[in-house]
Amino acid sequence: MILHIDMDAFFAAIEQRDNPELRNKPVIVAGFSKRSVVSTASYGARKFGIHSAMPVFQARQLCPEVIIVPGNREKYAAESKKIMAIICGFSPLVEQVSIDEAYVDISGCEKLFGPPLAMAQKIQAAILKDLF
């Protein structure tokens with residue numbers, strides 16, 4: 001049994017965690033040049049139809065009040081390591097496929113952590129408790 005874990009809106013969520021003034025606002029992580037694209041859109045920005053890989057100029061058209069935050073790869077990588085360490089506490093078989101995504105083999109872990117849905121919820125709760 002394999003769990004797919006994807007930290008949705010990861011970069012924007014880290015920025016909102018670190019700067020409370022950004023919470024519940026339309027935030028994108030992107031550059032400021034004319035050719036920049038959205039790296040991550042917060043849920044507040046997604047309400048306006050903004051999504052990853054969208055040109056920033058288009059995001060601004062959809063939501064003129066969108067807040068652009070420059071990315072911080074080192075910070076995101078450090079937070080990713082913390083998340084992966086939490087996941088590895090539930091199963092030794094973790095395949096990280098990107099900075100915010102992993103596949104976790106939970107076969108045989110049911111006796112320790114319960115059925116798959118309960119285990120997924122426990123992983124989510126641990127990540128939220130420790131990082132957010």
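Rule-based calculations on the coordinates, nothing more; no lab input. These numbers come from a predicted model, not from an experiment. Neighbour counts are summed over all protein chains in view; Cβ atoms, including those assigned to glycine, are modelled from backbone coordinates with ideal geometry.
General remarks:
- Pairwise centroid distance, computed over Cα atoms, of the range 82-100 with the range 112-130, Å: 13 Å
- In a DSSP loop and with at most 16 other Cβ atoms within 10 Å, the chymotrypsin sites (Phe, Trp or Tyr not before Pro) in the range 40-113 are 48.
- With neighbour counts taken as other beta-carbon atoms within 10 Å, the residues 119, 1 rank, fewest first, as 1, 119.
- Taking θ as phi - 60° and the Karplus parameters 6.51, -1.76 and 1.60, the scalar couplings of the range 23-30 work out to 5, 6, 10, x, 10, 10, 9, 6 Hz in sequence order, x denoting glycine and proline.
- Amide H contacts for residue 27 (H built 1.01 Å from N in the peptide plane; partners 5 or more residues away or on another chain; cut-off under 5 Å): 42, 44, 45, 67.
- Rounded to whole numbers, the Karplus 3J(HN,Hα) couplings from phi for the range 107-118 are 4, x, 8, 4, 5, 7, 10, x, x, x, 5, 5 Hz, using 6.51 cos²θ - 1.76 cosθ + 1.60 with θ = phi - 60°, and x at Gly and Pro.
- Each peptide in 59-67, 124-132 was scored by the mean count of other Cβ atoms within 10 Å over its residues; highest first, the order is 59-67, 124-132.
- With the cut-off at under 12 Å, measuring from each backbone N in the range 83-122 to a point 7 Å along the Cα-to-Cβ line of residue 131 picks out 83-88, 98-102.
- Whole-Hz ³J(HN,Hα) from phi, Karplus 6.51 cos²θ - 1.76 cosθ + 1.60, for the range 86-101, glycine and proline x: 4, 4, 5, x, 9, 7, x, 9, 10, 10, 7, 10, 7, 4, 10, 8
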